[in-house]
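Down below is the structure, laid out as structure tokens.
Read the figures in this text as sums done on the coordinates, not as results from a lab. Just so we're clear, the structure is a prediction, and the values are computed from it rather than from any experiment. Please note: Cβ atoms are built from the backbone with ideal geometry, for glycine as well, and neighbour counts cover all protein chains shown.
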């Protein structure tokens, strides 16, 4: 019987390649940003299963939900984030922006990972204007890396005043994060606007600036207002982006982005 002697360097190279592949796979994150129109479909028939199907079919790791109701009368007293988390088998978290219609209204986050840390940051807004918030979670990836994920919804009015102050607040708060951070949401601003330019001073955008695919309205998309952004810019690689058009589930298209976390330079 002959013994097969494999050089130690070959063994180590094989182990290192396998570990590198495993680590890279664990660093790939699928992100979905979805304005869910407070649970009402564009037909007005309140069907959470239609919304959940988009989440299930796209199979994201992290989801940022906007226009989320928490036990309001119009949402039949449902906690929408928890309901969608239950349907999609993801961990839910709701962040209040304001009291509304017998309940609350704000942001939602869904995650395949448990939470290491959460916080809900109030964003600046003018008197008489709808309050806004930025909901953050931190999670541990399969690779062993920790990342933060922020879901938000900026002011929708034509005047940019509140959006500008909200974008500056996001930069001020979340660029101080200890961990690489993902920002996702309905920013109600077009590429090249002052709001987006302020954010892009610090954040890497995922869309193609030469051909930004529109996300609104869902029946005939003509405006790009839903985003996924990444901080710091040198820690992220954008792999794919996709606009999920469904004219019934919401008045917004869902925006799906796959990214990879990179090593520090």
Among 44, 103, 128, residue whose mean-square fluctuation peaks in a GNM of the chain (springs only between Cα atoms under 10 Å): 128
Sorted by Cβ neighbour density within 10 Å, fewest at the top, the residues 49, 61, 186, 246: 49, 246, 61, 186
Distance histogram in 5 Å bins (all Cα pairs of the stretch 175-265, percent per bin): 3, 14, 24, 24, 18, 10, 5, 2, 0
Using alpha-carbon coordinates, inclination of helix 8-26 to the longest axis of the chain, degrees: 10 degrees
Degrees between helix 161-174 axis and first principal axis of the chain (Cα, 0 to 90, nearest 10): 30 degrees
All-pairs alpha carbon distance profile, the chain, 5 Å steps from 0, percent: 1, 6, 13, 17, 19, 16, 11, 6, 3, 2, 2, 1, 1, 1, 0, 0, 0, 0
Relative contact order [Cα under 8 Å, 6+ residues apart], the stretch 125-238, whole percent: 23 percent
Rounded to whole Å, sorted largest first: equivalent-ellipsoid semi-axes of the stretch 57-213, Cα gyration tensor: 23, 22, 14
On Cα atoms only, tilt of 48-58 relative to the major axis of the chain in degrees: 30 degrees
Residue order, fewest to most beta carbons within 10 Å, for 38, 252, 153, 117: 117, 38, 252, 153
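Taking the Cβ of each residue in 235, 119 as the centre, tally the other Cβ atoms inside 10 Å and list the residues starting with the fewest.
Numbers: 235 20, 119 13.
With the fewest neighbours first, 235, 119 line up as 119, 235.
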Inter-label distance for residue 210 and residue 53, nm, one decimal - labels placed 7 Å from Cα along Cα-to-Cβ: 3.6 nm
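How long is the gain from residue 245 to residue 223 if the chain were fully straight, where each residue apart is worth 0.36 nm and the alpha carbon distance is subtracted? Walk me through the intermediate numbers first.
On the way: separation 22, 0.36 × 22 = 7.92 nm, distance 1.29 nm.
Taking 0.36 nm per residue and subtracting the Cα distance, the gain is 6.6 nm.
Assuming a viscosity of 1.567 mPa s and a temperature of 4 °C, what translational diffusion coefficient in µm² per second does Stokes-Einstein assign to the stretch 222-265, Rh being the Kirkwood radius over Cα pairs?
Values: Rh = 12.2 Å.
Result for D is 106 µm²/s.
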The stretch 27-261, relative contact order [Cα under 8 Å, separation at least 6], %: 21 percent
Residue 45-residue 126 pseudo-label distance in nm [points 7 Å out on the Cα-to-Cβ vector]: 4.0 nm
Computed [θ] at 222 nm, helices only, for the chain once each DSSP H run of length n ≥ 4 contributes -39500 (n - 2.57): -7000 deg cm²/dmol
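How much length, in nm to one decimal, is gained on full extension between residue 172 and residue 265, taken as 0.36 nm per residue of separation minus their Cα-Cα distance? Numbers along the way, then the final one.
Numbers: separation 93, 0.36 × 93 = 33.48 nm, distance 2.32 nm.
Once the chain is fully extended between residue 172 and residue 265, it gains 31.2 nm.
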